[in-house]
1. When only residues in the stretch B:754-785 that are of a type in the set (A, V, I, L, M, F, W, C) and in contact (Cβ under 8 Å) with a residue 24 or more places away in the chain count, which is farthest from the other protein chains (Cβ to nearest Cβ)?
2. Restricting attention to the stretch A:29-75, which residues are at the interface with chain B (Cβ under 8 Å from one of its Cβ atoms) and in a loop (DSSP other than H, G, I, E, B)?
3. Check B:Glu203 against each of (1) in contact with a Pro (Cβ under 9 Å, 6 or more places away or on another chain); (2) at pLDDT 85 or above and name the one condition it does not meet.
4. Looking at this structure, is A:Thr93 polar (S, T, N, Q), more than 14 Å from chain B (Cβ to nearest Cβ), assigned to a loop (DSSP other than H, G, I, E, B) and within 23 Å of A:His163 (Cβ to Cβ)?
5. Working only within the stretch B:537-568, note down all residues that are under 23 Å from B:Ser507 (Cα atoms), touching a helix residue (DSSP H, G or I) at 6+ places or on another chain (Cβ under 8 Å) and surrounded by 15 or more Cβ atoms within 10 Å (Cβ to Cβ).
6. Could you identify the single residue in B:Asn188, B:Asn226 that is in contact with a Phe, Trp or Tyr (Cβ under 7 Å, 6 or more places away or on another chain) and either modelled with pLDDT of 75 or more or surrounded by fewer than 24 Cβ atoms within 10 Å (Cβ to Cβ) (or both)?
7. Does the stretch B:323-370 hold any residues that are among the polar types (S, T, N, Q) and in contact with a helix residue (DSSP H, G or I) (Cβ under 7 Å, 6 or more places away or on another chain), and which are they?
8. Would a scan of the stretch B:296-307 turn up a residue that is of a type in the set (Ser, Thr, Tyr), within 24 Å of B:Thr496 (Cα to Cα), touching a Ser or Thr at 6+ places or on another chain (Cβ under 9 Å) and modelled with pLDDT of 90 or more?
Amino acid sequence: MNRIIILLALVLTLSSCLDQIAWEEAENPSGRLVVEGLITSERKAHTVKLTQTMPVIVDTLPPVVTGAVVTIDDGTQVFTLTEKEPGIYQTDTTVAGEVGNTYHLTINFNGEIFEAFAAMIAVEPPSSIGVTARDNFPAGAGEEGDFFQFIYRNNFGSSAPLHYQIRSELPENVSDFYPPEWQMPNWLVWQLENQGLTLQDSSYYLHPGLEPPAIFTYGETNETRITLGTTITETFGSMTEEHYAFVRAILSESEWRGLGPFGYIPADAPTNLSNGALGYFAASEVIRIQQVIE
Amino acid sequence: MLSQLRFQFLAALLLIKMGAVVAQENLLDKKISIEPASKPAKTWLSEVSKQEGVVFSYRESVLPKEKITIKTGQITIGEFLDKVFEDQSVAYRVKANKIIISKKTIPKTGAKNTLHGYLKDANSGEELIGATVLVVNQNKANQDSLPIGAITNAYGFYSITIPPGQYLLRYQYVGFESMEKSIDLSGNTRMDLFLTQSTSTLEEVVIEGSTDAVDDAIESPLLGVNNLSVSQVKVMPALFGEADVIKAVQLLPGVKVQGEGSTNFYVRGGAADQNLILIDEAPIYNPSHLLGFFSVFNPDAIKNMTFYKGSIPASYGGRLSSVLDIRLKDGNDQQFGVSGGIGLTASRLTLEGPIRKGKSSFIVSARRTYADLFLNLSGDEFTRATSVYFYDLNAKANFELDPKNKIYFSGYFGRDVNRIRSLQYAIDWGNATGTARWNHLFNDRLFANTTFIYSNYDYLINLPNQAGEIGWESRIRDITAKVDFTYFPNPKITSTFGLSSTFHQFSPGKPTSDGMSGIPDVDALEHGVYFSNHHEINNRWALEYGIRYSLFQLIGSTEEIVYNDDFEAVDTRNIDGGVYQSYMGLEPRISGRYKLSEKSAVKIGYDRNRQYIQLLSNLALGLNVFDIWFPSTRFTEPQTSDQFSLSYNRHSKSSNLAFVIEGYYKRLQHQIDYRDHARLILNRFIEGEIRQGRGRAYGVETSIEKTNGKLTGWISYTWSRATRQIEGINNGNTYPAFYDQPHQVSIVGNYKLNQRWTISSNWVYATGRPTTLPVESFSYEDLIIPVYGERNGSRLPDYHRMDISATLYPKPKADRKNRSSWVFSIYNAYGRPNAATVFVTNELEDIDLISSRDRTAFHRLSIFTIIPSVTYNFSF
């Protein structure tokens, strides 16, 4: 859908051509440090992942950084991270961030020091998700009948940047939630046979603005059919403006990389890492809301 | 009774004058016999006086001291005097059977009469813009040997003020037979003249230019001006066979194009919004149809096009880089006519004719594409529900109220429609303009044009989304009142002056769906007052100098979003009315021509321009659909430019070749670019995305043009650079503008094979456009993120393309009234896949189909390969 604008033009020309080309300038990476780190308000092991830059065209995993000394401090305590597997550094499971703290990440790798600061801000209390019965298909009406749908918190549905995750799970026995004469619709049969109980497990970044490329991305990937008894779990993570700017940039450079009027002009993603490192170290308050459709 | 007496008196005066003229003619035409010799002027005069009994009256100080050689034996007295005083500042005249010899003096205005009138096309009555009126044999009749002439203004009006006497006048215009006419000027005289299209033009094949145009290029002190011939544009190869004036402009030296098929163009390092595009004086804010593949200009409705990229006359304002002034036809005031064309994608139809023969006329011209009609035949539901088309309508009427007053009404309306009805998907955009003009002749030398202009551009987006529809509309609307005067005080000076005031209404973005906040509307006034002189100083020097003063004011009630120094929106301020922000400035413009000979000239010029509105445009692919016009505000300063240019022009009449080489250097201030990942649509805080800084452009353009003969066309080469330096972009370092293409070649040729076939071709080459491509990448949350080098630090592959067309005309017949032609064309004849863009993303199988989420690749998108087309044109 996000390419429909271009398609309209190209339908008329019937002669556009897309091909892959070689680009010699992009074959020798510099090996800069890449940091992917997050500390949340949940009590758990928090992870910092260290890798290095790669060639532009890749079909392998990035080279990992091993042997680094990684610490996080909040001004009063210092948490030392342990390398659990190559490139994956974790705190112990007792660590939980607190709203109002600023977290300081320090990485000592090959004698070079890389730092980042991340403030944890509070997540705005969300309203409950709206779920409505789809009434134009009466129960038992056939293939498409009898399901509920809900309106997502769309990508401009938040007054502040927000990391939003949603997971919907079917109950073990759906028929228990319906009258005895109820027949399972075909889509549900297909779902159970092919996908299992998990209807959806998605992650979104919400924000007050509107991201034109994202309109279409979200619009075309979401299916919202659920049944009675479905459990919907929503997770909300706070984001600073700087953190959202980074996420927006990496989405612009990957999933939103469209063409034409809705595409963004290519540019580097910002970072809060020092000394030429790439990536981002973030802090986020996390809350969860769970409901069962009855 | 009084008028009768006045008539009798004038008639008597005229008879007396005529008698005097006859006597003068007789004396000067009297044959004398001279022994060839070399003598001082005084001796020659004395001998002729004794021999023929002619009385010469003069002061000795007036006569040249050197010896004058005369070889001819039998000559007239007039010829004798011309030889004696050849190249001297001496004049002679006959008075009471004496020949008075005196120093040449610059004639006083009051002692002269004015010849004025309109030049028109004899066939259609169309007024001829930029035609030349020359006084050919002024030396014999009177004092002054400087070239005397005038150029018709935008309404075909000319005025020459010269002393009474007999003159031979030459009227000339591109594509028309020159006309010479003798006149005995004994009082202020109106002379409307009708020129006939040249023989070559009357033939079916319409490709020949004229040496007159090249002469004008040498005579004019303006630099970087191109007059484009609509007839030539029509036979040039065109995309989908649709003749397009913008695509012809893009072939001119110094004009860059962004990508394939785009209507955007970039002149001498300026951005696309720095081109003022006018249709009958009304600005067109988006000249593109179908995402830019076609322009909005229907060639059937166009009379004249002038493109200014060097010296921009002071009468134009509001843009930095160029002016494309397109004038619509007035309509044939002699006979009713129908013309049009049928192509594979669009058809055109034009009706024109007299409302009152010779006094008033109308023209209506329409065009529409019909690709959507074929979509209805599709078996796919969505395809059937899809509407994709555009249309244009041009209409104009003019009425001559009396010899001194004429009014014109013209309008343009065009719209692009892209809709999928079943999905509530819609993207529409279009321009609408209206112009009402009143030409008034205050007297023989003072011409005034008062104009009221309306212009509107808007677009609408409505997109289906999982959460409902998302809709957005944007608009700019202008209402302008202006008055322009042309004053012809004497043959050496033509003055233009005037003033204008425009009321702009900006509505940059207004949501049509819930849950979104729009960009506040802004109203503004833009005023301009100017004065300019065209001054022929002597045989060699001519100047065009003028100054414009512009004032821009934000007015009215609005909500102003306040930004801090970090471009963050930090507050809003309610404006209750009145003027709350002003910008103003002077814009001097001067250019001069120095003729090295009759065939060559050197020109030099300086121009300053100011621009108060700008286009915020997503430049990722150059499809100029969702552009937003935005005014200068407290946070976005007006753009300015200073351009210095120097040229050498040469014309060889024997070989019909015209050569031009022109260099320029341009400084630009407050140029617009955008922060990284700027969001330019659907963004209330759009001004926070703008960054401003300096620009620089310089280059050399050269072309050689063959204007006549079986083969016509031009070859041009441009070397140029365009850079930007803007804080916050590219770490504040200088970077190339995205249209910086150092080398550019255009070859345009038309060859008249025979009476029925004309072959046309053009070939263009340009250095690859700068682009920003990654040099490495990193992984984050399983996404592969590119890391870039310098802004615009890479270049797309070089661009080149050849187009070919052949035009077939019916067998010539003397009694043929209807004219027709078939135009067969091939766009991108050798099918080069020129890159519209190169980008990195997951491996794609097609433009909307990812083949692998685990692998990335460089992709090249080429929009057009070989596009054949055929168009049938007709007129009767």
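The values are calculated or read from the model by the stated rules, or taken from the named source; none is laboratory data. Keep in mind the model is a prediction, meaning the values are calculated, not measured. Backbone-built Cβ (ideal geometry, glycine too); neighbour counts: all protein chains shown.
1. Keep residues of the stretch B:754-785 that are of a type in the set (A, V, I, L, M, F, W, C), which gives B:757, B:759, B:763-764, B:766, B:773, B:775, B:778, B:783-785.
Subsequent filtering for residues that are in contact (Cβ under 8 Å) with a residue 24 or more places away in the chain retains B:757, B:759, B:763-764, B:766, B:773, B:784.
Numbers: B:Trp757: 27, B:Ile759: 24, B:Trp763: 20, B:Val764: 18, B:Ala766: 19, B:Leu773: 7, B:Ile784: 6 Å.
Filtering first and then ranking leaves B:Trp757.
2. The answer is A:Pro29, A:Ser30, A:Arg32, A:Thr53, A:Pro55, A:Val56, A:Ile57, A:Val58, A:Asp59, A:Leu61, A:Pro62.
3. Checking B:Glu203 against (1) in contact with a Pro (Cβ under 9 Å, 6 or more places away or on another chain); (2) at pLDDT 85 or above, the one that fails is (2).
4. Numbers: polar (S, T, N, Q): yes; more than 14 Å from chain B (Cβ to nearest Cβ): yes; assigned to a loop (DSSP other than H, G, I, E, B): yes; within 23 Å of A:His163 (Cβ to Cβ): yes.
Yes.
5. B:Ile561, B:Tyr563, B:Phe567
6. On the way: B:Asn188 fails: in contact with a Phe, Trp or Tyr (Cβ under 7 Å, 6 or more places away or on another chain).
Among B:Asn188, B:Asn226, only B:Asn226 is in contact with a Phe, Trp or Tyr (Cβ under 7 Å, 6 or more places away or on another chain) and either modelled with pLDDT of 75 or more or surrounded by fewer than 24 Cβ atoms within 10 Å (Cβ to Cβ) (or both).
7. Keep residues of the stretch B:323-370 that are among the polar types (S, T, N, Q), which gives B:332, B:334-335, B:339, B:345, B:347, B:350, B:360-361, B:365, B:369.
Correct list: B:Ser339, B:Thr345, B:Thr350, B:Ser365.
8. Within the stretch B:296-307, the subset of a type in the set (Ser, Thr, Tyr) is B:306.
Restricting the remaining residues to those that are within 24 Å of B:Thr496 (Cα to Cα) gives B:306.
Applying the additional criterion that residues be touching a Ser or Thr at 6+ places or on another chain (Cβ under 9 Å) yields none.
No: the stretch B:296-307 contains no residue that is of a type in the set (Ser, Thr, Tyr), within 24 Å of B:Thr496 (Cα to Cα), touching a Ser or Thr at 6+ places or on another chain (Cβ under 9 Å) and modelled with pLDDT of 90 or more.
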